[in-house]
Amino acid sequence: MSSKGCPDCGEIKPASEFWKLKASRDGLAYYCKVCFGLRNSRSYRKKRAKLGKKTRAYRRHSDVPEGMKYCARCKEVKSVDEFGRNRAARSGLTDYCRPCHSEAITEIRKRNHGSSRNYLLKLRYGVTEEQVEQMLAEQGGVCVICLRAEPKHVDHDHMTGLVRRILCFKCNGGLGQFDDDPDRLRLAADYLELRGSHARRMRIEIGAPVFGGPGRVRWDPYWRTRGNTLKSARHYHLRQKYGINDEDAKWLLKLQVGHCAVCFDFPAEHVDHDHVTGAVRGLACAGCNTGMGQLRDDPIALRRAADYVTGRLVQRVSAEGGGTRLSLTVPDVDPATVPRGGWKAFWEKDGVYRKETLPFDEELDMPAWGGPDPEGAPRGG
C-alpha cells in the first residue's frame, strides 16, 4: 500500500507514516505514528497518575530538527553543540544541556555527599570536609610550613596518595615546583644564603657571590656608547632589570656548565636575583626559580618544607589535658594557643634549629632544645 487512512485523525497519509505490524492484514499499524504516540502517552500518563506521579507534557522526538536536541531540564530545543559528550548514550550526548547538566550534577552531589567540596575531597584525597576542618583546627588555622598564611589547599603525597596536611597556596605550589624533593629544597636554602657550591665558585671567579644589579647601569661608563647600543632586545632587558648584559649571561651559563645553579639537575633558563638588592645570584631552572619565589625566597621556609616532605616537621606529641596534639616548631608550642601573627619568635628559633641539624641527626642522642649553648652558638634538639 502506498497510503492509508488513520481512523483517529481522519487523514490519509503515506504508508511511511505508519509503523509496520506483521499481524495486520496490510502489514501496517492501525493508527498513524502521531496518533499512535498520543494514545501511548495517554495510557502511560494515566498509569503514572494512579501512582501519584507527575509527568512532562507529551513531545515527539521527531519534532526536533536535525542538528538540535531537546533538554528535558530547561525544556528547550538547543543546538547539539550546547550538550556535552556521553559515550554511554545512543546519541553520544548528555541528556541535559551544559548549564543544566552542571546544575543537576551539583544537586546530586549535594544530595549524596552534602556538598560539591565534600564530594571532591573524598574523590581526590579520600577525606571528608569534616576531617579537613579538624586538621585545620589542629594546625591552629595556619599553614604548617610558613606559619603565616591561611591554609586552603589539601596537600598529599603523590607517591602514596595519602593526605599530609593543609597548606597555603604558595607553599603547596612551591613543593610542586621542587617535585617534593627535600634535597633540592635544602640546596635552595643554602643557595639563597650564598653558602652553596655556586656561591663559592663565584667568589673564586669574581671575588663576590653575586654581581650586577640596577646600580651597575648608573656607574657603567660604556652604557651610552655606540658599541653598546647596537644590541639585542634581550641585552637591554638584562641591563635594565638585572644590571648584566648578554656577555655576562653567557659567561654565567658557561661557569655553571649549562646547569641550574641550585639543583644542578636541569638546564639553567632563568636569571635569578635578590629581590631586595637586585643583585644576580645565578641562572636557575624553571622549577627552582619559581619554587623559591613561591616560598618567598626564605631559607627557613625552604628547610621547613624539606622536613615537611620527609615527615620531620609535623610531629604528634602528648597534650597537657590528655590525648595528643600537633607540634610544628622547635621549641615546641601548641599551635592552638598561638594567635595569628604570633609565630615570629618561634619561627626564628626553629630556623636556627633546622639550619644546624640534618635529617640523620634524629638517630643520634641529641640533647633537648634549651637555647644557646655556653659559647653562644645554638644547638639542636
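Each value in this text was obtained by applying a stated rule to the coordinates, not by laboratory testing. As the structure is a computational prediction, the values presented were derived from the model and not from experiment. A quick note on method: Cβ atoms are made from the backbone with ideal geometry, for glycine too, and the neighbour counts reach across all protein chains shown.
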Stokes-Einstein D for the chain at 20 °C, 1.002 mPa s, Kirkwood Rh over Cα pairs, in µm²/s?
77 µm²/s
Would you mind getting the Kirkwood hydrodynamic radius of the range 64-113 from its Cα pairs, rounded to one decimal in Å?
11.3 Å
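Let me know the charge dipole size of the range 3-50 about its Cα centre in debye, to the nearest 20, where only the beta-carbon of Lys, Arg (+1) and Asp, Glu (-1) is charged.
Working: 13 positive and 4 negative charges, 99 e Å.
My answer is approximately 480 debye.
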Say the dipole of the chain comes from +1 at the beta carbon of Lys and Arg and -1 at that of Asp and Glu; which of SER16, ALA305, ALA49 then lies farthest toward its positive end?
SER16
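Per DSSP helix of 4 or more residues, -39500 (n - 2.57); summed, then divided by the residues of the chain. What does that give at 222 nm, rounded to the nearest 500?
Working: 13 runs with 143 residues, N = 381.
Value at 222 nm, helices only, nearest 500: -11500 deg cm²/dmol.
Less than 12 Å Cβ to Cβ from ALA208, Lys/Arg counted +1 and Asp/Glu -1: what total charge do the surrounding residues give? List each step's numbers first, then the result.
Details: positive: ARG200, ARG201, ARG203, ARG281; negative: GLU205.
Here the charged neighbours net out to +3.
Fewest to most neighbouring Cβ within 10 Å: what's the order for VAL132, VAL317, VAL144? Before the final figure, lay out each step's value.
Details: VAL132 18, VAL317 10, VAL144 26.
So the ranking, lowest neighbour count to highest, is VAL317, VAL132, VAL144.
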Nearest-20 debye value, the chain charge dipole, Cβ charges on Lys, Arg, Asp, Glu:
3620 debye
Which cross-chain or sequence-distant (5 or more) residues have an amide H under 5 Å from the amide H of TRP19, H modelled 1.01 Å from N in plane?
ALA29, LYS33
In order over the range 170-187: 3J(HN,Hα) from phi, Karplus 6.51/-1.76/1.60, θ = phi - 60°, whole Hz, x for each Gly or Pro, gives 5, 5, 5, x, x, 4, x, 5, 8, 6, 6, 9, x, 5, 5, 5, 6, 4
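If you place +1 on the Cβ of every Lys and Arg, -1 on the Cβ of every Asp and Glu, and leave all else neutral, what size is the dipole of the range 1-159 about its Cα centre, to the nearest 20 Debye?
Values: 34 positive and 19 negative charges, 293 e Å.
For the range 1-159, the charge dipole is close to 1400 debye.
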Computed from every Cα-Cα pair in the range 3-50, P(r) in 10 Å bins starting at 0 and rounded to whole percents is 28, 46, 20, 6
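So, counting K/R as plus one and D/E as minus one, what does the shell of residues with Cβ under 11 Å around LEU93 add up to? Mind dumping the intermediate values first?
Numbers: positive: LYS69, LYS78, ARG85, ARG87, ARG90, ARG98; negative: ASP81, GLU82, ASP95.
For residues surrounding LEU93, the net value is +3.
What list do you get for TYR44, TYR70 if you sort them by fewest beta carbons within 10 Å? Please report the intermediate quantities before stating the final value.
Numbers: TYR44 12, TYR70 15.
Least to most surrounded, the residues fall as TYR44, TYR70.
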Packing rank of 324-337, 245-258, where each peptide gets the mean count of other beta carbons within 10 Å, highest leading:
324-337, 245-258
Local net charge near SER79, Cβ-Cβ under 13 Å (Lys/Arg +1, Asp/Glu -1):
-1
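Counting other beta carbons within 10 Å of each residue's own, what order do ILE204, ILE105, ILE166 fall into, fewest first?
On the way: ILE204 9, ILE105 13, ILE166 22.
Ascending number of Cβ neighbours within 10 Å: ILE204, ILE105, ILE166.
Would you kindly state how much longer the chain becomes between ARG340 and ARG56 on full extension, computed as 0.36 nm times their sequence separation minus their alpha carbon distance, in nm to one decimal?
That works out to 96.6 nm of additional length.
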